């Protein structure tokens, strides 16, 4: 997110899901869209049926590959090299959009210079791809306009995640694929309201509506509105919070609807941090590994028991409506939080309804000013920015100017992953989601039917690797990294390339994140979920 | 080797065959010949030659079309013309070789004919009654050349048509085909030139040509024989068409049940690549074209263009509604011309000999010739090619030699399962697209099945219907379910449980199926019932009202009885009865137990002419 | 803007978008033509043959669903031969369709019933020709009962055209044609992703949900799982959440859903495992407590820390309003910027 924000001025998906139908070329990288965003995958497949080209870049043979015109299977962790290689191939062949680069962007020469080290032979060597494949992908992307790039955590959750995102931004800008329907750079968000959580200011450096805490005017505005506010210095990021907790610097935490014990990397470290806390409040709808650590557990209400809005991956505010009253004893999360604040003596928390809260958001966040409940009643959602009640919303960002003015090209270099397989830990462990479960399973594991499809964690391993280790389908395995060890049964599949194994993090019985790496992106502190070195052994 | 040099060696090769220095033996080894035992005959030929110490060359040729008297063996002895011998067996051919090659006795009694003038008591082959009124254009080389030998094809003028086409503009080639009046030989008879024109006009690229070799009509084997006997005639036509349309790729869609035809095509295609007649820059003309073979799984409906296209694309072979036509959006959604095997073979002939020559055959609206596989109750079965406009009578009684055993002609079924049965009073009809359609049948790809008095007309209709019921793709309701209703109704009639209302039901539902089915398969499916009801209503009525099957084919309606006063008590019927239904003492009249009788008819067949004691009688009245 | 053409259907002049099919044009003008295999999301098929019409200047009885409108086209949708042929086609379908409508999952929502009622067919005139067919009960959420199947192909086309999975396909030929999966196995043994899009488009009771409760009312909301944000109707009946279906007007999903949205968004809500009381950790572990004392405790403890000693982690699963209040608590009440969500996880 920080990557795109640097380049474009906004980290959000530039275009809309509905735009997929207008794309002549779809480049899907580092995403398992068919499993993680099925309804977007449907729309991509439909576009392919109507003649759009599809390029899938993924070490794993993900579901979309069967519809792809071109599938590149690079070595894991080499996205920056490959993406820069694509830029290089485009420039070498003169496929770039010179007018767009000249009129809409800046810093092109620096980026171009950094491509010196990304000649296709080196890229081929790093990625394990053929030069011809890279050139063909570049040609297909550059010459079929409009072309849209979609990506997910497969390029972000690396210690070089920000670089990879910026490499995507570079690629889109040199081909002029920004600010047009059917084009764009589209990060596919993981959870239902990740976009909304960021929009609402659940970030250490910004207030609601991407207003910087360091900005004096914003500071004054919020101080005035709220009667009080925090300082000019951005706070700690999530990973830093746990580090600080482990060091005893953070003493109290209020965790709402999250289960970091299972979802965050390097669980042992998380557990240590949470144990060290003086006071942990966890608000959730089910007991989980994190509530178990809490001093106080607060029962929230599920999505079906409260009114509100979610903002989806394409910046679309949509209504969440109360279908049933909160279960007896449960309260909507906003109400619990507001009641705590009130009992702390804070003013301005006496909301009568979520609609009241939205009115405050409308008043304080110019980009959301036009997104009112009244309007959401009668339309299929509103995409921000939507600065006034007359504004129709914004399906495509950066149409005339980038949010920051000019799009900024970023020179980049390739860095290998934080942890690479070695003699002791010869496999690279990749992690992600599966279709039939969700996140830490608190909801889906309570749907009986879904568990018929997937009821336990399985380690996906290439049959060739399995043969070498004498592993058969269903064998119980111990998977160990430098940080811990878990057990799971073997699933032999060539979806996973040789040398890589794959697990989800849906099952508390197999807490995959005991294994994952402490590596982080230096800018965003996003953990390197997508690679850690592991050893796989058969348990006899 | 360039084409000119190749033609020179072709000429030499052809001379060497026809004016040899040592005996040349050609064995008709298309699938029909093989089925008749050509393989054993070939082994016998080789053994005999070895035994006699004769140095000779043995070749496999295709099918001359006289399938009724296969296997055929042609012998060209140095200094003598080619003589064809028929109905060979290992023994016969062995003695023939010895007689002819060693003792110089050409065995006129075994000969079908001599190539050229009659000689030594052997009539000229072309005077043979099956061949003399044929005009063989598509089949010009069938049974004449060695199909695997490109040089033979070249020696007979092969690929001159292509050379001519490449020297013309694509539009001029299309104009030539239009002028020839050639219409699609797959059945529907759409003008070939017009189809190409549409395809050429379409701006979308790439374009494709498809050779439809998914021959599936019961009793039809024209395409198979042609591909086995002369693959290059078809390939040359495809090349001409591809050039005219601007196609860069072609597909031959052929059923996997035709392994020999596939092998011959593969070998021919490899030869073409070797000699720059296929691939990039063909004959230096700048025309690039590649051809692949796609095997179908033997699904009848895949002979329909849109279903065939779907099948090539790896989808379920189901037709779709047109438009869009294949010429606009066919294979992979691109302009595609789909033509039948025989059409392609005619194209190469038109380009070789000119449009006027081709158009000089046939009738005004149906130019040229048409191949038919003549099958059923006819003396000389086989593959024939006649000018359009020849009457059914000339074909069946002239070329086919009429009905065997002096039985009475009943009807001829043309057009495959979607065609109709044409009765005796319409035998004067000329075979052309319009006349056959008017008679309730249609040209189809060229199946022609002759029925005699022993064929029950209801059973015949039922048979064709059961074929459709099995082969319907299942997509549209009338074809999938309607044909089943018709079949069940006809089955009732043949079992004697039909009612008077059944005929109206068949007529009404049949009309609905024709009106509402998606593709030609369904639209044609009721035709065999409707035409037979139209022409043979009395036979239907007999089944329904009198429970009589005059042909004796409907087992439920017949019984077998032994006439007491005639039976000599020889016991042969008793011994031949598979169900122990016949009893009787030797020398005494036997009786059939009707409850045990399975109505196989063996007793009737074996009862000696002397007694003629077994009779087929209506069931329940015996 | 699509071009508008004028056509005449049964004497009524209507406007239609160029490129629309005759059936689409008729239906959008409120003129019903019987149809079963047509579905607005799917490519024209022409399988059921019920929408046959007469069109001036065209041979035979073209199907309205596969014929595109042209300006000035004159269409007749009923009368004479058309009615007779259409009834025959319907009779063919009815002959093999069960007649237990009252106990059928699709009763009153069945499109075959609709066509039958429209054509006023009350009696079967043709004999059943099909044997009993196998029922595939393997999927936990829906049943494939081939006895009810009319082979309109909506499900198989949905699987190929909408979802791009191709798990189900028509198999066999002639009247042996059936909906099946590779190798004639069960749905659970196939590539089926259980999205239920096929079921949502089945016009009859052949693909039907296992929990088949007609909701008393539905509420439009947003799916709680991934970030696609599928707009979804949740159905309520007798105090329980009983159904989910996609909203056609949903900006992100246009009616489509995945397995979790369609079958997994309701069951957990009223699950007995839900936390329904606040808990406070004491000497004997976490014990239930009343809201007031818990809220007081939390407020008091929070107040006791310096701003840089506390951190708030709002959820990326809860609503914007929930998050907004949480970040306001952090900044305005706790006076800290130590607030982050898992956006980058």
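Things to note:
- Each of A:133, B:70 has some number of other Cβ atoms within 10 Å of its Cβ, and from fewest to most they run A:133, B:70.
- Shape parameters for the range C:214-274, alpha-carbon atoms, Rg then Dmax in Å: 11.3, 34
- For the range A:380-482: Kirkwood Rh in Å [reciprocal of mean 1/r, alpha carbons]: 19.8 Å
- Calculated on C-alpha atoms, the gyration radius of the range B:150-358 divided by its Kirkwood radius gives an Rg/Rh of 0.93.
- Estimated FRET transfer efficiency (residue B:270, residue C:101; beta-carbon r; R0 45 Å; 0.05): 0.10
- Relative contact order of chain B, defined on C-alpha pairs under 8 angstrom at six or more residues apart (%): 11 percent
- Placing R0 at 41 angstrom, the Cβ-Cβ distance between residue C:8 and residue B:332 gives a FRET efficiency of 0.65 after rounding to 0.05.
- Compared with the dominant Cα axis of chain C, that is its longest principal axis, helix C:291-303 is turned about 60°.
- Rounded Å value of the spacing that divides the Cα centres of the range C:151-184 and the range C:265-288: 45 Å
- Our estimate of slack between residue C:287 and residue C:114, defined as 0.36 nm per intervening residue step minus the Cα-Cα distance, is 56.5 nm.
- Chain C: Rg to Rh, with Rh as the Kirkwood radius over Cα pairs: 1.12
- Cα convex hull, the range A:367-413: 104 Å³ per residue, rounded to a whole number.
- Here the spin labels are modelled as points 7 Å beyond Cα on the Cα-Cβ line, and at residue B:564 and residue B:497 they lie 3.4 nm apart.
- Prolate/oblate/rounded call for the range B:457-546, Cα gyration tensor, a/c under 1.5 rounded: prolate
- Compared with the direct C-alpha span, the chain from residue B:109 to residue B:204 gains 28.1 nm at full extension, assuming 0.36 nm per residue.
- Across all directions, the shadow cast by the convex hull of chain B built on its C-alpha atoms averages 30.1 square nanometres.
- Relative intensity, log₁₀ I(q)/I(0), of the protein assembly as shown from a Debye sum that treats every alpha carbon as a point, q = 0.05 Å⁻¹: -0.54
- FRET efficiency, residue A:328 to residue A:404 (Cβ-Cβ, R0 30 Å, nearest 0.05): 0.05
- Over the protein assembly as shown: helical MRE at 222 nm, DSSP H runs n ≥ 4 each giving -39500 (n - 2.57), nearest 500: -8500 deg cm²/dmol
- Of all DSSP bridge pairs formed entirely within the protein assembly as shown, close to 60 percent run antiparallel.
- In the range A:169-319, Cα pairs under 8 Å separated by at least six residues give a relative contact order of 20 percent.
- Simple spin-label estimate for residue A:476 and residue A:107 in nanometres, 7 Å along Cα-Cβ: 5.3 nm
- Axis of helix B:457-471 versus longest Cα principal axis of chain B: the two differ by about 50°, to the nearest ten degrees.
- Cα-based Rg and Dmax for the range A:427-538, where Dmax is the largest Cα-Cα distance (Å): 14.0, 42
- For the range A:2-188, dividing the convex hull volume of the Cα atoms by the residue count gives 100 Å³ per residue.
- Against chain B, whose longest principal axis comes from its Cα atoms, helix B:341-353 is set at around 40 degrees.
- Viscosity 1.306 mPa s, 10 °C: Kirkwood-radius Stokes-Einstein D of chain A over Cα pairs, µm²/s: 65 µm²/s
- Whole-Å distance, taken between Cα centres, linking the range A:1-62 and the range C:292-338: 36 Å
- One equal scatterer on each Cα of the range C:5-147, no solvent, Debye formula: the resulting log10 I(q)/I(0) at q = 0.13 Å⁻¹ is -0.65.
- The range C:188-208 and the range B:94-153: distance between their alpha carbon centers, rounded to Å: 65 Å
- Over the range C:305-344, Cα pairs under 8 Å with separation of 6+ residues give a relative contact order of 52 percent.
- Virtual paramagnetic centre 7 Å along Cα→Cβ of residue B:608, amide N under 18 Å, in the range B:575-594: B:575-577, B:584-591
- Volume of the Cα convex hull of the range B:369-452, divided per residue and given in Å³: 71 Å³
- Label-to-label distance, residue B:596 versus residue C:76, with points set 7 angstrom from Cα along the beta-carbon direction: 6.5 nm.
- Value of Rg/Rh across the range B:14-127 [Cα atoms, Kirkwood radius]: 0.92
Read-outs: derived from the displayed coordinates by stated rules, not from any lab. Source: prediction; values computed, not measured. Note that each Cβ is placed from the backbone with ideal geometry, even for glycine, and that neighbours are counted across all protein chains shown.
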